[in-house]
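Comments concern the structure below.
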Amino acid sequence: MKKLVYSFGDGAADGSAGMKELLGGKGANLAEMCNLGLPVPPGFTITTEVCVDYYKNSKKIPDGLKAEITEALAKVEKKIGARFGDAANPLLVSVRSGARVSMPGMMDTVLNLGLNDETVEGLAKKSGNERFAWDSYRRFIQMYSDVVLGVDHYIFEEIIDSLKDDAGVTLDTELNVKHLKEMVKTFKAKVKDELGKPFPIDVHEQLWGGIMAVFDSWMSNRAITYRKIHEIGDNWGTAVNIQSMVFGNMGETSATGVAFTRNPSTGAKELYGEYLVNAQGEDVVAGIRTPQSITKKARVESDSDLPSMEEVMPEVYGQLVDIYKKLESHYRDMQDIEFTVQDNKLWMLQTRGGKRTAAAALKIAVDLVAEKLITKEEALKRIDPSALDQLLHPSLDPKAEKKVIAKGLPASPGAASGEVVFSAEEAEDAKAKGKDVILVRIETSPEDISGMHAAKGILTARGGMTSHAAVVARGMGKCCVSGTGTLKIDYKARKFLAGDITVKAGEIITINGTTGEVMLGKVPTTQPNLSGDFAEVMKWADAVRTMKVRANAETGLDAETARKFGAEGIGLCRTEHMFFDQDRIISMREMILAEDEEGRRRALDKLQPMQREDFISIFKIMGDFPVTIRLLDPPLHEFLPHSESEMEEVAHASGISVEKLRQRAAMLKESNPMLGHRGCRLGITYPEIYEMQAKAIFEAARETKALPEIMIPLVFGKKELSILEAVIKKAHRETAPEVKYLLGTMIELPRAALKAGEIAEVAEFFSFGTNDLTQTAMGISRDDSAGFIDDYKNKGILEHDPFAVLDQDGVGELIKIAVERGRATRRDLKLGICGEHGGNPASIQFCQQVGLDYVSCSPYRVPIARLAAAQAAINAKAAVKKAA
């Protein structure tokens, strides 16, 4: 039988850091810290395989699990010298989740498990601290009732607030033993009232309830949403970690905290974190109490009058510094650590790779290379390409006028403006309507995950730099200001007060996650700075990658942006996008609606000089880099006039009656325009259109000495391309025979992929138009699929939206066929991709595997593609080495 439970403690462990898939990240790292000889409370891990089996077998636990847990629990009892459920000498445990990748706050935790009316008395006598024992008991009832029994936590918060009011105190820590005993009694009565049955007293029943709650939380709505956002597989499962409790709430010599071995916002090499004296771990991340800085430097910088850990517990602080240096050296990466101090003894509860902003990821990568802890290739592989998006957009203009109404903690950098909303549901609804919003909450909880994803930024009244809002926002790349204590938020009235200023739902505010400022109205922005660490990492990436990176662009501004971000040419210039301007669309409509060639040519004569100037501008910006121009490919309905005024405008320009024009428009109406009279079919029926475009290209190339690549769209065979090749050659002879150019096609139909060998007899390059190739291969409209794609993902039919991440099994197979057959005909066939997938890291990995020469994406995704292409090249090199 396979092993279901792995023990750790006393400087030894059954597992190690390399077993994350089986033990989860938390369990594997607890084992590794034990192996390193660090002080870790003993415990055991139930494997992720048990969770997977639990869901496969209709929520039944596998045979043998209870026996292995009993055996592992006995080992913990022996190491601690206490017994689980013993009235005189009780062992208490925590029950925590632990997936293979960090999902902060998404799954459930229970602390102080093993307490009841008898064991609390034993804990009080054993510790000599009655207040601590009853404080732990009330915490346990509150957490267990919420997590396991489903009693809302706010019910208990209301009881606590009422008791504090009666006692005349403001802090939980000011409640005495009598208050806490009364609280426990009231808590238990409330549970019985809510559930119709008493709170469980049997400690073994408590333990199994906690374990099952962790397994069940894997499929909670918030965890599912988080996995969707971060593209984590539902089939991974979570481990469960049962660990002996150590107590940070035993008085002034005890504490709990969270720290990062480097600053997760800036990447600076400094211990960064928060702690609380006389508290348990949940107090720090929940934001219920104001956390204190770990270092004196951080306390001074935040202008706090609360003493730092360095000042209050200098010896323990010194131990923490030694351990964090040891962990960072061992893992060769910035770590996120959790710790508890019990009676001046430091215990390590967790270490993991710390979530960081994109700016911090770059700085940490560059610094670790400089410190010779990792190689440049290792550094490149560690940076999430998609996270670079955080750095590529504007930040607040430092010279702009701003009205600061509040200041909180700079929890996640960047700046965002938007309408104020107070709930996740409002944020989602507003985003669906195309609005930018700032989610304003007293404090966020895991239930807010969907709203945080929808919002441009997050603002909270409570919580520190390691609160739920801060950690999740940094992981998402969202701007966040937390702990803005001066805000008074009224959910019912849908408004908040900042001093004497009232801000209502729907009003616009701006938040700066780099400074913590909250401002009224929208504040102007400046363009990003792409020097320093960013430029260094991009230089490393460019040195490693083998695929070129181009951009999709059809305006001078897009081309300039693409060059600024490092594009090595244009892979897709969609000429139809050049005709939507008001001064052009009339001539375009005139051309489309013309009844004969003479009418079309009159309209085309107006358009040709406009096209030529467009191409001259783009060619000049791109210099010696290649520019691939796709000839006209619009579904005609996009250009047809609809309103009466538009009809009259076109009729006047073309010299025909409105009625005749309306009849012509009706004739051109198509049932399925995406598969209708578009692409090369326009060129076949109206060759003068492509002739005009080709002449404009050649005239512009002659003037700028450019080498254009002319792409014919939507072919399904060689014959179409051959006919249009003749049109292009004729235009070339008549316009600028001295200009060199390439002629190619876009492979965006399954038949074109299958007939690639024949098409390559004419085409000198292929560009895979994976947007349409996905539509035509899967029979799914990208414009209409949003309503059911999520159902397909939820039911496991699709792992990803195929328009966001390339369907490698189906669409990818067509690309492979086209590559093999095309290059069999023409060995030097140039191959690229220009659909949205050209900027998706997973799809870029596939492009490397099948041997494409370049990827092309939107200008703002060029740096993402450069890094992803470097990672793909590193992986390909490793695969070759492994195969050898």
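Points worth noting:
Okay, residues lined up against (1) hydroxyl-bearing (Ser, Thr, Tyr); (2) more than 23 Å from Asp624 (Cα to Cα):
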residue	(1), (2)
Asn672	no, yes
Glu699	no, no
Thr704	yes, no
Val715	no, yes
Leu721	no, yes
Leu724	no, yes
Val727	no, yes
Glu734	no, yes
Lys740	no, no
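- So Leu459, is it touching a residue at least 24 places away in the same chain (Cβ under 8 Å) and surrounded by fewer than 24 Cβ atoms within 10 Å (Cβ to Cβ): no
- The residues listed here are Phe788, Phe766, Phe803; of these, the one that is aromatic (Phe, Trp, Tyr) and over 26 Å from Val549 (Cβ atoms) is Phe788.
- Hey, Thr351 free of Cβ contacts under 8 Å to residues at least 60 places away in the same chain and under 27 Å from the mean Cα position of the chain (by Cα) or not: no
- In segment 506-534, the residues that are outside any loop (DSSP other than H, G, I, E, B) and within 23 Å of Leu409 (Cα to Cα): Ile508, Ile509, Thr510, Ile511, Asn512, Glu517, Val518, Met519, Leu520, Thr525, Thr526
- Test: residue in segment 29-40 that is small (Gly, Ala, Ser) and in a loop (DSSP other than H, G, I, E, B): yes
- Evaluation of Lys66 against (1) free of Cβ contacts under 8 Å to residues at least 40 places away in the same chain; (2) open to solvent by less than 40 Å² (accessible area, probe 1.4 Å) (one fails), failing number: (2)
- Candidates Ile374, Ile383, filtered to the one that is within 27 Å of the chain's Cα centre (by Cα) and free of Cβ contacts under 8 Å to residues at least 60 places away in the same chain: Ile374
- Of the residues making up segment 240-273, those that are in a strand (DSSP E or B) and closer than 26 Å to Ile383 by Cα number 5.
- Residue satisfying all of: in segment 107-138; farther than 16 Å from Ala213 by Cβ and part of a loop (DSSP other than H, G, I, E, B); most open to solvent (accessible area, probe 1.4 Å) among these: Glu118
- Meets criteria (surrounded by fewer than 19 Cβ atoms within 10 Å (Cβ to Cβ), out of contact with any Phe, Trp or Tyr (no Cβ under 9 Å at 6 or more places or on another chain) and farther than 21 Å from Met107 by Cβ) for Ser16: yes
- Of the helices (runs of 4 or more DSSP H) lying entirely inside segment 727-846, those containing at least 3 residues that are surrounded by fewer than 23 Cβ atoms within 10 Å (Cβ to Cβ) are 750-754, 770-778, 786-794, 811-825.
- Pro104 meets the conditions (1) open to solvent by less than 30 Å² (accessible area, probe 1.4 Å); (2) within 23 Å of Glu21 (Cα to Cα); (3) assigned to a helix (DSSP H, G or I) in every case but one. The failed one is (3).
- Checking each residue in segment 139-177 for being outside any helix (DSSP H, G or I), free of Cβ contacts under 8 Å to residues at least 60 places away in the same chain and surrounded by fewer than 14 Cβ atoms within 10 Å (Cβ to Cβ) picks out Gly150, Asp152, Gly168, Thr170, Asn176.
- The residue that is nearest to Asn875 (Cα to Cα), among those in segment 374-398 that are touching a helix residue (DSSP H, G or I) at 6+ places or on another chain (Cβ under 7 Å) and among the aliphatic types (A, V, I, L, M), is Leu380.
Each row is one residue, and each column tells you yes or no for (1) surrounded by 23 or more Cβ atoms within 10 Å (Cβ to Cβ); (2) in contact with a Ser or Thr (Cβ under 8 Å, 6 or more places away or on another chain); (3) within 23 Å of Glu157 (Cβ to Cβ); (4) aliphatic (A, V, I, L, M).
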{"position": "Gly251", "(1), (2), (3), (4)": "no, no, no, no"}
{"position": "Ser254", "(1), (2), (3), (4)": "yes, yes, no, no"}
{"position": "Val277", "(1), (2), (3), (4)": "no, yes, yes, yes"}
{"position": "Pro314", "(1), (2), (3), (4)": "no, no, no, no"}
{"position": "Asp322", "(1), (2), (3), (4)": "no, no, no, no"}
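- Among the numbered conditions (1) modelled with pLDDT of 95 or more; (2) farther than 30 Å from Thr253 by Cβ; (3) not acidic (Asp, Glu), the only one that Leu346 does not meet is (2).
- Segment 433-474 - residue that is of a type in the set (Lys, Arg) and modelled with pLDDT of 80 or more and, of those, nearest to the chain's Cα centre (by Cα): Lys456
- Qualifying residue in segment 39-47 (condition: under 26 Å from Asn249 (Cα atoms) and open to solvent by 20 Å² or more (accessible area, probe 1.4 Å)): yes
- Search result, residues across segment 536-568 that are under 23 Å from Pro634 (Cα atoms) and not in a helix (DSSP H, G or I): Arg550, Ala551, Asn552, Ala553, Glu554, Thr555
- Scanning segment 409-432 for residues that are at pLDDT 90 or above and either acidic (Asp, Glu) or more than 21 Å from the chain's Cα centre (by Cα) (or both) turns up Glu419, Val420, Val421, Phe422, Glu425, Glu426, Glu428, Asp429.
- Residue, nearest to Pro713 (Cα to Cα), within segment 847-862, restricted to residues that are part of a helix (DSSP H, G or I) and modelled with pLDDT under 95: Pro859
- Remark: Ser244 matches the filter, which requires a residue to be among the hydroxyl-bearing types (Ser, Thr, Tyr) and open to solvent by less than 30 Å² (accessible area, probe 1.4 Å).
- Restricting the search to strands (runs of 3 or more DSSP E) fully inside segment 447-490 and requiring at least 3 residues that are within 18 Å of Gly418 (Cα to Cα) gives 457-460, 479-482.
- Pairs with Cβ under 8 Å, 6+ apart, first in segment 640-667 and more than 21 Å from Glu576 (Cβ to Cβ) and open to solvent by less than 70 Å² (accessible area, probe 1.4 Å), second of a type in the set (Ser, Thr, Tyr) and part of a loop (DSSP other than H, G, I, E, B): Ala651/Ser657
- Members of segment 413-435 found to be small (Gly, Ala, Ser) and either in contact with an Asp or Glu (Cβ under 9 Å, 6 or more places away or on another chain) or outside any loop (DSSP other than H, G, I, E, B) (or both), listed by number: Ala415, Ala416, Ser417, Gly418, Ser423, Ala424, Ala427, Ala430, Ala432
- Residue that is nearest to Ser587 (Cα to Cα) [pool: residues in segment 603-637 that are out of contact with any helix residue (DSSP H, G or I) (no Cβ under 7 Å at 6 or more places or on another chain) and surrounded by 17 or more Cβ atoms within 10 Å (Cβ to Cβ)]: Thr628
- Top-ranked residue of segment 496-513 - restricted to ones that are among the charged types (D, E, K, R) and at pLDDT 95 or above, ranked as nearest to the chain's Cα centre (by Cα): Glu507
The values are calculated or read from the model by the stated rules, or taken from the named source; none is laboratory data. Please read these numbers as outputs of a predicted model, since none were measured by experiment. When we count neighbours, we look across all protein chains shown, and the Cβ atoms used for this are built from the backbone with ideal geometry, even at glycine. Quick note on the areas: whole protein, heavy atoms, side chains included, nothing else; ligands and nucleic acids left out. Shrake-Rupley method; radii C 1.70, N 1.55, O 1.52, S 1.80 Å.
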